[in-house]
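The next block holds one structure in the form of structure tokens; read it before the comments.
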Amino acid sequence: MAKVASRYLVVHPWAVIEEGFHADHARESESIFSVANEFMGVRGYFDEGYSGARLQGSYINGVYEEKPIEHPFLLKGLATRSCIMVNTVDWLFTRLTVDGETLDLATSRVRDFVRRLDMQTGTMTRDFIWETASGKALRVSFARFTSMVASSLAYQRVTIEALNSAGTVQVQSGLDFSQPHEHMFGRNVWQCTRKAADAGTYAILAQTESSGLQAFSSFQLQTTAAIAPQVVEDDKYIGVTFELALAPGVPVTFDKLVANHAVKEPGVDPEQVWQDGMARAAEYHALSYEMAWQQHKAYWDDVWTRFDLTVEGDPETQQGVRFNIFHLHQTYHGNDPTLNIGPKGLTGEVYDGCTFWDTEAYCSQFFLFNNPTAAKNLIKYRHHQLPGALERAKQVDCKGAKFPFVTMDGTESCGLWHWGNTEIHIDAAVAYSIWHYVNISEDTEFLYREGIELLLLISRYYASRGGWNAQGEFGIMSVCGPDEFHCMVNNNSYTNFMARKAFAYTLQVIDEMQRSAPALLDTVRGKVALQPEEVAEWRRIVEHMRLPYAPESGLYEQHDGYFLLPHLDMETVPIEEIPLIRHWSFERLSWYDLIKQPDVLLFMFFHNQEFSRETKRKNYAYYEPRCSHESSLSPAVHSILAAELGLHEEAYKFWQFAARLDLDDYNRNTWEGLHVTAMGATWMNFIYGFGGLRSDGPVLAFQPYLPARWTAFSFRLQYRGSILSVTVSGAGATFAVVSGAAIPIKFFGQDYLIEGAGITLPIPAVHPEDALANA
């Protein structure tokens, strides 16, 4: 964890602010100042163009281009094509020219530059003074937002004010599909099929070269100044040029109202796509910038009123946690169950916008307690992709449903077979998210319809993927757990433990439905052709699943043979060799007991209350020093467990890295896109670590603690129709129900019923179990 912060942004409780343009951080800023609304996202690049270093990106969630995966030998079960969320239309395209000079912050003279991401309103703005070569000074302002209310809509506002002399500014505004996709293609992948300018609406339709997906974009301009527009067209561009007259001290503004539409299946008639896009444009373009912004702002007001996290005494943390919440909400809020959350969200091209296991393991908890509908829709996303999972299981000689490790359209996009084919724990993560969602929401209607179908097919897959050894144990061979340094291992403890949980929960639901919903059970039995002998086999597997465990030490062995690996002290690795995954040969990573991220510790977090405090203490003490923390998902889990075990300084050390991972660019890769799924882990770090929440039992349990650097902190959780408020300070922990029915909780093992009036409970100086052990 010897990582150093890179700071150039102003610390502010409600905003991210760049004062003065830092060209050496231009691409990092493009990621940090991104705005999105689940349907689309746009990096914080300059509207007016920029000839310096940049990664211009404008993305539509689920719109991808295909790329073949090449293998020296094509063996059965290897992925053969990848799907890549592709750079789409630059709907912000703007060019400003004064006296023959076109604005470009790489070459133009500017001063008083301020870029601001307002997290309260979901708006990104830039302001600066442009001093032209002809001696004119103009104040230039840009604002943008992607509507959280109507996800097809995006808005841009440009304001220009002459400061010292009159004149004119030539403006070009348009829609540009010609931008390259840098990361995986290095070129543009769009073919423009239609353009039109009609009655002030400018529209364009384009299709990807290989996948055949289509994206439509349109805009109208609104301004108080007279304009004489001239249409400009190019191969992959349509726009308009006009002039604005400038008088000193009189700001002139024009607004760009954009409506985007996409079809995410190939083979759709372009004429139908065009008509649907134009209808959407006609419907939404009447909504002015101000009207749309007020709706958008009201959405964010509601989010912050209900689910803000507050920290007193640590402004860096306060900014960091709100930054994480902001990007999680704008990346996904459950509007479309066919969409999901990529590791970079809609802020960059690395990881190709695909879905990994991160969603179920590290993001579902955030949505579960902030937006239960979104949490359910994330599971429905997997149900929607069942056909691909069923086919994938057949490709790898298994039964049931094998969810791809990396996917965009339901097929496997991971060309690295040693991960894509062996990280089979994704199915267990899906089963875990179903169990956790139902445990918190009590939504048995969803469970008895979509949920049980997923569970049955997941159990069928794991039963076909494993086998019985001579000792009568069921094991799963040739896998890779969350620790990606060790592949093709046998009986990874995480995979086996979580698979056993999936089997056990499936059997529990079958038994429940047999009693309370037999007709629905008969329906799903018929749908998946469930056989009685399968269920009997699953019961046997639960009883005899192999879990490598050393009772004399109380340690779970990460996988068969792990304890025999040579030990490597991470502190002895030269800093110039970090990250190891980029400096060491792949086989070298597996020579030692060094791990990439929590593996055993992760299942002890997911099912925390099943393990004794002593067992968690022993396993944490053993595995944490062996973790390289090369995954951005790693620090949060270690911080949560360290906090639980009373290792408060260690917990806070990990927290500092997690909370400001992107703002301080600890990994020096923020330019690639934000670590959005790690932001889910950071939320868990706050709630489960400092708040001490445990949600794996019949009621919510809390064991909070107040970090020494903070004077107080607070958060809210949505739980079974109620909203629970929690405030932790020197006076203790205060619980109150803000709305809804009373909520039963456990507080350091004691039962309480929390009602609207609330209750303040003292936080013990020493954990009761530790006090008892030391008595």
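The values are calculated or read from the model by the stated rules, or taken from the named source; none is laboratory data. What you see is a predicted model, and the numbers here were worked out from it, not measured in a lab. Using ideal geometry, Cβ is built from the backbone for each residue, glycine included, and neighbour counts are taken over all protein chains shown. Surface areas here come from the heavy atoms of the whole protein model, side chains and all, with no ligands, DNA or RNA. Shrake-Rupley method; radii C 1.70, N 1.55, O 1.52, S 1.80 Å.
The single residue among LEU78, LEU55, LEU74 that is assigned to a loop (DSSP other than H, G, I, E, B) and free of Cβ contacts under 8 Å to residues at least 12 places away in the same chain turns out to be LEU74. Restricting attention to region 627-656, which residues are over 12 Å from LYS596 (Cβ atoms), out of contact with any helix residue (DSSP H, G or I) (no Cβ under 6 Å at 6 or more places or on another chain) and open to solvent by 10 Å² or more (accessible area, probe 1.4 Å)? If the condition is that a residue be over 12 Å from LYS596 (Cβ atoms), out of contact with any helix residue (DSSP H, G or I) (no Cβ under 6 Å at 6 or more places or on another chain) and open to solvent by 10 Å² or more (accessible area, probe 1.4 Å), then GLU644, GLY646, LEU647, HIS648, GLU649, LYS653, GLN656 are the ones that fit. Looking only at region 505-519, count how many residues are among the small types (Gly, Ala, Ser) and buried (at least 19 other Cβ atoms within 10 Å of the Cβ). Matching residues across region 505-519 total 1. Among residues of region 726-754 that are buried (at least 17 other Cβ atoms within 10 Å of the Cβ), those with a beta-carbon under 6 Å from a residue that is acidic (Asp, Glu) at least six positions away or on a different chain give the pairs VAL737/GLU755.
One residue alone among VAL35, VAL16, VAL42 is closer than 20 Å to PRO343 by Cβ and touching a Phe, Trp or Tyr at 6+ places or on another chain (Cβ under 7 Å), and that residue is VAL35. Annotation: of all residues in region 387-409 being touching a residue at least 12 places away in the same chain (Cβ under 8 Å) and of a type in the set (Lys, Arg), the one that is most open to solvent (accessible area, probe 1.4 Å) is LYS399.
Kindly establish whether GLU65 is charged (D, E, K, R), open to solvent by less than 50 Å² (accessible area, probe 1.4 Å) and assigned to a loop (DSSP other than H, G, I, E, B). In short, no.
Within region 145-159, the set of residues being crowded, with 21+ Cβ neighbours inside 10 Å and outside any loop (DSSP other than H, G, I, E, B) comprises PHE145, THR146, LEU153, ALA154, TYR155, GLN156, VAL158.
Among the criteria (1) in a loop (DSSP other than H, G, I, E, B); (2) over 20 Å from the mean Cα position of the chain (by Cα); (3) in contact (Cβ under 8 Å) with a residue 60 or more places away in the chain, the one ARG716 does not fulfil is (1). What are the residue pairs meeting all of these: first residue in region 267-293, first residue on the phi > 0 side of the Ramachandran plot, second residue among the polar types (S, T, N, Q), Cβ atoms under 9 Å, and 6 or more apart or on different chains? Every condition considered, no pair remains.
Given the criterion in contact with a helix residue (DSSP H, G or I) (Cβ under 8 Å, 6 or more places away or on another chain), closer than 19 Å to PHE603 by Cβ, among the aliphatic types (A, V, I, L, M) and modelled with pLDDT of 95 or more, identify the matching residue among ALA550, ALA517. Exactly one of ALA550, ALA517 is in contact with a helix residue (DSSP H, G or I) (Cβ under 8 Å, 6 or more places away or on another chain), closer than 19 Å to PHE603 by Cβ, among the aliphatic types (A, V, I, L, M) and modelled with pLDDT of 95 or more, namely ALA550.
Scanning region 532-549 for residues that are open to solvent by less than 80 Å² (accessible area, probe 1.4 Å) and without any contact (Cβ under 8 Å) to a residue 12 or more places away in the chain yields one hit, ALA536. Mind checking which residues of region 171-217 are over 28 Å from the mean Cα position of the chain (by Cα), buried (at least 16 other Cβ atoms within 10 Å of the Cβ) and under 26 Å from ARG54 (Cα atoms)? Result: VAL171, GLN172, SER173, GLY174, CYS192, ILE204, LEU205. For region 698-718, the set of residues classified as in contact with a helix residue (DSSP H, G or I) (Cβ under 8 Å, 6 or more places away or on another chain), within 21 Å of LYS653 (Cβ to Cβ) and either open to solvent by 10 Å² or more (accessible area, probe 1.4 Å) or of a type in the set (Phe, Trp, Tyr) (or both) consists of GLN703, TYR705, LEU706, ALA708, ARG709, TRP710, PHE713, listed by residue number.
For region 95-139, the candidate set comprises residues that are within 30 Å of the chain's Cα centre (by Cα) and β-branched (Val, Ile, Thr); within that set, the residue that is nearest to ASP302 (Cα to Cα) is THR121.
Inspection of region 334-350 finds no residue satisfying the criterion of being under 21 Å from LEU717 (Cα atoms) and modelled with pLDDT of 95 or more.
Once region 668-697 is narrowed to residues that are among the polar types (S, T, N, Q) and assigned to a helix (DSSP H, G or I), the residue that is surrounded by the fewest Cβ atoms within 10 Å (Cβ to Cβ) is THR670.
For region 410-442, filtering for residues that are among the charged types (D, E, K, R), out of contact with any Asp or Glu (no Cβ under 8 Å at 6 or more places or on another chain), in a loop (DSSP other than H, G, I, E, B) and crowded, with 19+ Cβ neighbours inside 10 Å leaves 1. Within region 461-472, is there a residue that is of a type in the set (A, V, I, L, M) and open to solvent by less than 10 Å² (accessible area, probe 1.4 Å)? No, the conditions are met nowhere in region 461-472. Inspect region 606-627 for any residue being at pLDDT 95 or above, under 23 Å from PHE356 (Cβ atoms) and in a loop (DSSP other than H, G, I, E, B) and give the result as yes or no. Yes, region 606-627 contains at least one residue that is at pLDDT 95 or above, under 23 Å from PHE356 (Cβ atoms) and in a loop (DSSP other than H, G, I, E, B).
Residues that are open to solvent by less than 30 Å² (accessible area, probe 1.4 Å), more than 15 Å from GLN330 (Cα to Cα) and more than 24 Å from the chain's Cα centre (by Cα) do occur in region 52-62, at least one of them. Within region 164-188, residues that are of a type in the set (Asp, Glu) have Cβ atoms under 7 Å from residues that are surrounded by 17 or more Cβ atoms within 10 Å (Cβ to Cβ) in these pairs: ASP176/VAL89; ASP176/ASP90; ASP176/PHE93; ASP176/LYS236; ASP176/TYR237; GLU182/LEU55; GLU182/GLU349, counting only partners at least 6 apart in sequence or on another chain.
Filter region 550-560 down to residues that are touching a residue at least 24 places away in the same chain (Cβ under 8 Å) and open to solvent by 30 Å² or more (accessible area, probe 1.4 Å) and give me whichever is farthest from ARG465 (Cα to Cα). It comes out as SER553.
Can you name the residue in region 270-294 that is part of a loop (DSSP other than H, G, I, E, B) and out of contact with any helix residue (DSSP H, G or I) (no Cβ under 9 Å at 6 or more places or on another chain) and is also surrounded by the fewest Cβ atoms within 10 Å (Cβ to Cβ) among such residues? Step by step, filter region 270-294, then rank; the result is ALA286. Can you name the residue in region 231-269 that is open to solvent by less than 70 Å² (accessible area, probe 1.4 Å), within 21 Å of ASN61 (Cβ to Cβ) and not hydrophobic (A, V, I, L, M, F, W, C) and is also modelled with the lowest pLDDT among such residues? The residue in question is LYS264.
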